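Beneath this line is the structure, given in structure tokens, with notes to follow.
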Amino acid sequence: MKKTSLILSIILMWGCSQAQDSEVVEEVKAAAKDVVSDQAEAVKGKAMDKVHDHAHDHVNSATNETAEKMKDQLMVTTKDKLSKASTYQAGIHYSVLNPAYETNSDEVIVYEFFSYGCGHCATF
């Protein structure tokens, strides 16, 4: 009876230790999964930051290039218009009013004319 009790107690202790080992293994697996998940999130966050920074730099570079091109085109267009505007001649492109209206001062008087018959005026 003593041998049987001893054998049963050894089997019981061995069985209980096996049960605790499997619980420990499960706890270690869960902890490892949490650690790996946290590390993956950290790597993902760093990668997203790099992608965001790269995209931001690319957009800024493209915007600056486009702005420079538009500025250059505007300068060329403005120079062309100024050179064309300076070629207007009195009597050919416009009429000089003689005699000029006297104002008794140095101020300039501008008269505006409006007509619904004018397509541009009518759109106002």
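The values are calculated or read from the model by the stated rules, or taken from the named source; none is laboratory data. As the structure is a prediction and not an experimental result, all values here were calculated from the model. Positions of Cβ are generated from backbone atoms using ideal geometry, with glycine treated the same way; all protein chains shown enter the neighbour counts. We work out accessible area using only protein heavy atoms, side chains counted, and drop any ligands, DNA or RNA first. Shrake-Rupley method; radii C 1.70, N 1.55, O 1.52, S 1.80 Å.
Working from label points 7 Å from Cα in the Cα-to-Cβ sense, the Ala100 to Phe114 distance is 2.9 nm.
Over all other residues within a Cβ to Cβ distance under 15 Å of Gln73, the charged ones net out to 0, with Lys and Arg as +1 and Asp and Glu as -1. Volume per residue of the convex hull around the Cα atoms, evaluated for segment 39-124, comes out as 248 Å³. For segment 22-61, which whole percent of the accessible surface, found with a 1.4 angstrom probe, sits on carbon and sulfur atoms? Its accessible area is 62 percent carbon and sulfur atoms. Rounded to 0.05, the FRET efficiency of the Thr66 and His93 pair, given R0 = 30 Å and the Cβ-Cβ distance, is 0.25.
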